[in-house]
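Worksheet for the structure shown next.
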Amino acid sequence: MKKNKNLSPTCPIRTTLEMLGGKWRLLIISEIGSGSLRYGEIKRAIPEISEKMLTQELKTLVDNNLVVRYNYGEVPPRVDYSLTENGEKALQLIEPIRDFGLQYIKK
């Protein structure tokens, strides 16, 4: 497993935010949480994200051991993305965040 050099070993909150923070990562994890998806399926589910940003965020999620990239070695290329065990744990964080957002919007 490749370790991300930016992760802080002394602050678990900072580590979590560095792994999951940003505009897109939790949305990507949420989409992949429903099952293994191909790149195009993720892009269609989150149309606001650019292709460059989706590629970059998927690579970061793979590097952080939250998502696994499976290349079937076929022509044309077929690649699936699915959650790792750590990705499944991160998925559990999304519901409370969504609930907080819903409560905030109601006020």
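Here are the numbers for this structure:
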{"quantity": "Residue ID - surrounded by the fewest Cβ atoms within 10 Å (Cβ to Cβ), chosen from residues in region 64-87 that are among the acidic types (D, E) and at pLDDT 95 or above", "calculated": "E85"}
{"quantity": "Checklist (1) modelled with pLDDT under 90; (2) surrounded by 13 or more Cβ atoms within 10 Å (Cβ to Cβ); (3) not small (G, A, S) applied to I13, failing item", "calculated": "(2)"}
{"quantity": "Among the candidates E18, E57, residue that is without any contact (Cβ under 8 Å) to a residue 40 or more places away in the chain, touching a Gly at 6+ places or on another chain (Cβ under 8 Å) and open to solvent by less than 80 Å² (accessible area, probe 1.4 Å)", "calculated": "E57"}
{"quantity": "Residues of region 65-107 satisfying the condition of being in contact with a Leu (Cβ under 8 Å, 6 or more places away or on another chain) and assigned to a loop (DSSP other than H, G, I, E, B)", "calculated": "L66, T84"}
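Yes/no matrix, rows are residues, columns are (1) surrounded by 14 or more Cβ atoms within 10 Å (Cβ to Cβ); (2) at positive phi; (3) over 11 Å from the mean Cα position of the chain (by Cα); (4) not charged (D, E, K, R):
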residue	(1), (2), (3), (4)
K23	no, no, no, no
L26	yes, no, no, yes
E31	yes, no, no, no
M53	yes, no, yes, yes
E95	no, no, yes, no
F100	no, no, yes, yes
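The values are calculated or read from the model by the stated rules, or taken from the named source; none is laboratory data. Given the structure is predicted, the values throughout are model-derived calculations rather than measurements. Quick reminder, even Gly has a Cβ in these numbers, built from the backbone with ideal geometry, and neighbours come from all protein chains shown. Note: accessible area is taken over every heavy atom of the protein model, side chains too, but ligands, DNA and RNA are not part of it. Shrake-Rupley method; radii C 1.70, N 1.55, O 1.52, S 1.80 Å.
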